[in-house]
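Asker: Before I ask anything, let me first share the structure, which is written out below as structure tokens.
Please treat every number below as a calculation from the coordinates, not as lab data. Not measured: the values here are computed from a predicted model. Virtual Cβ from ideal backbone geometry, glycine too; neighbours counted across all protein chains shown.
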Amino acid sequence: MEKRPTLRFLAGREDAGSTPDPAAPKQLDKISKEILESFMGLNYFIKCQKCNYKFEKIKTGVSFLFGNIDDILYVLNDNDKKIVQLLQQQNKIHTHYSKGYSIYQCNNCYSLENICHLMLYDKYGNIIFRSESYCNQCQNLRDYIPEDNNNKIIPDLHCPICHNQDLEIDVVNLWD
């Protein structure tokens with residue numbers, strides 16, 4: 001009978017009946033963790049301390065989903081998807097830039113929308129498409145609200161109900 005080789009896995013896979021690889025890292029150091037997290041998106045849970053408004057899942061970040069336009073098409077709304085596909089068919093897109101899932105807030109009524117940010121450029125560097133968030137109630141464009149992923153906070157965010165700026169913002173998990 002032929003002897004089967006012993007399989008080696010990274011640390012933490014001992015339950016698979018293998019021998020841990022002694023060269024495998026036991027845990028990520030702080031720098032490795034920060035680098036890994038920079039490639040991951042974040043899911044936030046937002047709750048207002050004043051009126052108990054809850055927004056249970058706000059996604060931010062790019063992760064591996066936003067590497068090319070074809071992958072981004074899957075998360076665009078129908079109207080934006082049609083425009084981007086038309087620009088692709090006409091070979092007008094030279095390059096793109098995406099902040100990934102982003103938060104947009106109306107500066108009047110403070111309504112929120114969590115959509116994919118995308119900018120497309122032609123060969124001259126002109127913007128030929130920009131994703132936008134439109135507030136139907138106020139009839140104007142919502143502003144992009146930048147998040148601070150290093151500190152895992154979203155500054156300048158207001159409650160859509162009571163307009164309070166003292167919000168409890170927690171990172172629920174990372175996604176890719």
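Asker: By the gyration tensor of its Cα atoms, with a ≥ b ≥ c the square roots of the eigenvalues, what is the shape of segment 41-175: rounded for a/c under 1.5, prolate for a/b over b/c, or oblate?
Answerer: Values: a/c = 2.54, a/b = 1.73, b/c = 1.47.
Taking the square roots of the gyration eigenvalues as a ≥ b ≥ c, segment 41-175 is prolate.
Asker: Would you mind counting up the charge near LYS92? Only other residues with Cβ under 10 Å from its Cβ, with Lys and Arg at +1 and Asp and Glu at -1. Intermediate results must be reported in sequence, preceding the final value.
Answerer: Details: positive: LYS123; negative: ASP122.
My count for the surroundings of LYS92 gives 0.
Asker: Still on this structure, please answer the following. Which listed residue (ILE69, LEU141, PHE55) has the Cα farthest towards the positive end of the charge dipole for segment 41-175, taking +1 on Lys and Arg C-beta and -1 on Asp and Glu C-beta about the Cα centre?
Answerer: Going by the Cα projections, it comes out as ILE69.
Asker: In a shell of Cβ-Cβ distance under 12 Å around SER133, excluding SER133 itself, what net charge do Lys and Arg (+1) and Asp and Glu (-1) give?
Answerer: Cβ neighbours under 12 Å give a net charge of -2.
Asker: Oh, and also: At 0.36 nm per residue, minus the direct Cα-Cα distance, what do ASN79 and TYR121 gain on full extension? Give it in nm, one decimal, please.
Answerer: Working: separation 42, 0.36 × 42 = 15.12 nm, distance 1.84 nm.
Going from the current span to full extension adds 13.3 nm.
Asker: If we count other beta carbons within 10 Å of each Cβ, what is the order of GLU56, GLU113, fewest first? If you can, show how the numbers build up before the last one.
Answerer: Details: GLU56 10, GLU113 16.
Ordered from fewest to most neighbouring Cβ atoms within 10 Å, GLU56, GLU113 come out as GLU56, GLU113.
Asker: Quote the FRET efficiency, to the nearest 0.05, computed for GLN49 versus ASN140 with a Förster distance R0 of 25 Å and r equal to the Cβ-Cβ distance. List each step's numbers first, then the result.
Answerer: On the way: r = 28 Å, r/R0 = 1.11.
Step by step, r from the Cβ atoms, then E = 0.35.
Asker: Once you charge only the Cβ atoms, +1 for Lys and Arg and -1 for Asp and Glu, what is the size of the charge dipole of segment 39-173 about its Cα centre, to the nearest 20 debye?
Answerer: Values: 13 positive and 15 negative charges, 37 e Å.
Dipole size: approximately 180 debye.
Asker: Then there is this: Any of LYS82/LYS123; LYS57/LYS92; LYS50/LYS99; LYS47/LYS81; LYS50/LYS81; LYS59/LYS81 with alpha carbons more than 26 Å apart? Name them for me.
Answerer: On the way: LYS82/LYS123 21 Å; LYS57/LYS92 35 Å; LYS50/LYS99 31 Å; LYS47/LYS81 31 Å; LYS50/LYS81 38 Å; LYS59/LYS81 19 Å.
With Cα atoms farther than 26 Å apart: LYS57/LYS92; LYS50/LYS99; LYS47/LYS81; LYS50/LYS81.
Asker: Mind giving me the nanometre distance, one decimal, between the label points for GLU132 and ASP71, set 7 Å out from Cα along Cα→Cβ?
Answerer: Distance between label points: 2.8 nm.
Asker: Gain in length, HIS96 to CYS162, computed as 0.36 nm per residue apart minus the alpha-carbon separation, to one decimal in nm?
Answerer: Working: separation 66, 0.36 × 66 = 23.76 nm, distance 3.69 nm.
Full extension from HIS96 to CYS162 adds 20.1 nm.
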